[in-house]
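Okay, structure first, notes after.
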Amino acid sequence: KEIGGDKNGGSRIVPTQRESRYYPTEDVRRRLANRKKPGMAKLRSSITPGTVLILLAGAHRGKRVVFLRQLNSGLLLVTGPYKINGVPLRRIPQCYAIATSTHIDVSDVTIPEQCIINEAYFKGEPKKKKRSEDMFEETQDDKKPREQRIKDQKTVDDQILPKISGVSHLKKYLSSLFSLRKG
Amino acid sequence: MQPVKLFSKGVVPGYRRGQRNQDSSISLIKIEGVTTKADVDFYLGKRVAYVYRGQKSRKNKITKRDTKLRVIWGKIRRAHGSSGAVRASFRTNLPPKAIGATVRVMLYPSRE
């Protein structure tokens, strides 16, 4: 940096970026990183692939669904099947389901890889932030599920539905709701 | 959706107490149909909801609907005595108005 003035030596080395004038009296402690992650929840012995579960909470409470498998996060993957009771391929936590003793054989049902490996598959679309110009427009919110999901739902259900039709009354059972009643 | 009842009814007889002192951080609950200490085992850990109405309508953060219904959530901790009563603690203590009121004992977290 060039400096004017007669006796100042002509030029001086000056840092390009000046240090800030302020620094805290004590160095701020860095927070310890939390490396704890929940492990895969242990699956109850009463829940095996093919068990019919009763959902206890959420939009589908009271519905009886077929358990497919446990995902790596510990959540259970279930399906209605959709045609029978409107429950799609869905994840539910183990503690919100009661296992019944009803069972169907799903050992040869193949589930699309996407559902098992990629949990983001199940996450909803992030809500788009409205920009100020759009706010005054009527935006049609599309609540339709992604095409991929509809396709996967069909692949899984097509394998399970014939097994359900094979058991007498099972279809009706799955379409009925569970409720606590007197006595 | 067809309404389904997925909870047991319970009554709040009061707080944990000795004859002359009470601990309002722990409420007692008598669950319908539970009459022995052995029966209580199913209910341990289950969530409890005290549902009541307020004067003004508020927006429910989850369902985003305006409603007068409000809830205080709690959990069943342990048995109380040998006749099926149960001790529960709530996120905020139950108001004394809840004494004698019904409470919902949900079926989750389920261990079955």
Notebook entry, point to check: Can you pull out the residues in segment B:25-59 that are over 25 Å from A:CYS95 (Cα atoms) and either touching a residue at least 60 places away in the same chain (Cβ under 8 Å) or open to solvent by less than 50 Å² (accessible area, probe 1.4 Å) (or both)?
Noted result: B:SER25, B:GLY54
Notebook entry, point to check: Name the strands (runs of 3 or more DSSP E) wholly within segment B:1-101 that hold at least 2 residues that are within 14 Å of chain A (Cβ to nearest Cβ)?
Noted result: B:7-17, B:47-59, B:66-80
Notebook entry, point to check: Scanning segment A:89-129 for residues that are in a loop (DSSP other than H, G, I, E, B) and among the β-branched types (Val, Ile, Thr), which turns out modelled with the highest pLDDT?
Noted result: A:ILE104
Checklist line | Pairs, first touching a residue at least 60 places away in the same chain (Cβ under 8 Å) and away from chain B (no Cβ under 12 Å) in segment A:84-101, second surrounded by fewer than 20 Cβ atoms within 10 Å (Cβ to Cβ) and polar (S, T, N, Q), C-beta under 6 Å, six or more apart | finding: A:ILE84/A:SER175
Item checked: In segment A:43-53, the residues that are open to solvent by 10 Å² or more (accessible area, probe 1.4 Å), more than 8 Å from every other protein chain (Cβ to nearest Cβ) and touching a residue at least 24 places away in the same chain (Cβ under 8 Å) -> A:LEU43, A:THR48, A:PRO49
Next item on the list: Go through segment A:63-78 residue by residue and tally those that are of a type outside the set (A, V, I, L, M, F, W, C) and modelled with pLDDT of 90 or more.
Entry: 2
Checklist line | Matching residues, segment A:100-122, being closer than 22 Å to A:PRO162 by Cα and either in contact with a strand residue (DSSP E or B) (Cβ under 9 Å, 6 or more places away or on another chain) or buried (at least 20 other Cβ atoms within 10 Å of the Cβ) (or both) | finding: A:THR100, A:SER101, A:THR102, A:HIS103, A:ILE104, A:VAL106, A:VAL109, A:ILE111, A:CYS115
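To keep it simple, each residue is scored yes or no on (1) modelled with pLDDT of 95 or more; (2) over 24 Å from B:VAL4 (Cα atoms); (3) of a type in the set (D, E, K, R).
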| site | (1), (2), (3) |
| --- | --- |
| B:THR63 | no, no, no |
| B:VAL71 | no, no, no |
| B:SER83 | no, yes, no |
| B:ARG87 | yes, yes, yes |
Note to self: Looking at segment B:1-24, I want the residues that are closer than 18 Å to B:PHE42 by Cα and without any contact (Cβ under 8 Å) to a residue 40 or more places away in the chain and have a partner that is open to solvent by less than 40 Å² (accessible area, probe 1.4 Å) and not β-branched (Val, Ile, Thr) with Cβ atoms under 6 Å, at least 6 apart or on another chain. Which pairs are those?
What the structure shows: B:LYS5/A:SER179
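The values are calculated or read from the model by the stated rules, or taken from the named source; none is laboratory data. Please read all numbers here as calculations on a predicted model, not as lab measurements. Neighbour counts are summed over all protein chains in view; Cβ atoms, including those assigned to glycine, are modelled from backbone coordinates with ideal geometry. These area figures cover heavy atoms from the full protein model, side chains too; ligands, DNA and RNA do not enter into them. Shrake-Rupley method; radii C 1.70, N 1.55, O 1.52, S 1.80 Å.
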